[in-house]
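The values are calculated or read from the model by the stated rules, or taken from the named source; none is laboratory data. Because the structure is predicted, anything quoted here is derived from the model rather than measured. Note that we place each Cβ from the backbone using ideal geometry, even for glycine, and neighbour counts take in every protein chain shown. Each accessible area value is taken on the protein alone, full model and side chains, heavy atoms only, with ligands, DNA and RNA left out. Shrake-Rupley method; radii C 1.70, N 1.55, O 1.52, S 1.80 Å.
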Amino acid sequence: MKYMKSQMKKLIKDNKDLQIRLKDLIDEHDLDKSSAIRALYHSEVAAGGKYQSAYQALDLPKG
């Protein structure tokens, strides 16, 4: 599974919990938004994370 910033932004936009987690990461670790999104991907999506299936579903063709 490959990190795609556009897919992460969509996933975060559609999920209130991820929006809160992103804001917390930015505030707690003094990260810029781009770095925080990548950190969120690695902690919550990659390698069987809680939101992995939702992230993968964004990559499926619509039809």
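State, to one decimal in nm², a quarter of the convex hull surface area for the C-alpha atoms of the chain, i.e. the direction-averaged projected area.
Across all orientations, the chain yields a mean hull projection of 4.2 nm².
Measure off, as a whole percent, the carbon and sulfur share of the 1.4 Å-probe accessible area of the chain, all protein chains present.
The C+S portion of the solvent-accessible surface of the chain is 51 percent.
Which lysines does K23 reach when only Cα atoms under 26 Å apart count, and residues fewer than 8 places away in its own chain are ignored?
K2, K5, K9, K10, K13, K33, K50
With every protein chain present, what is the per residue accessible area of the chain (1.4 Å probe, Å²)?
70 Å²
So for the chain, averaging the separation of alpha carbon pairs under 8 Å that are six or more residues apart and normalising by length, what relative contact order in percent results?
For the chain, the relative contact order is 35 percent.
222 nm [θ] for the chain, helices only, -39500 (n - 2.57) per DSSP H run of 4+, per residue, to 500? Kindly include the intermediate steps, with their values, before the conclusion.
Details: 4 runs with 41 residues, N = 63.
So the helix-based figure for the chain works out to -19500 deg cm²/dmol.
What's the local net charge at R38, with K and R +1, D and E -1, over the other residues with C-beta under 12 Å away?
+1
Given 0.36 nm per residue, what is the gain on full extension from K5 to K33 after removing their alpha carbon distance, in nm?
So the chain would gain 9.0 nm between K5 and K33.
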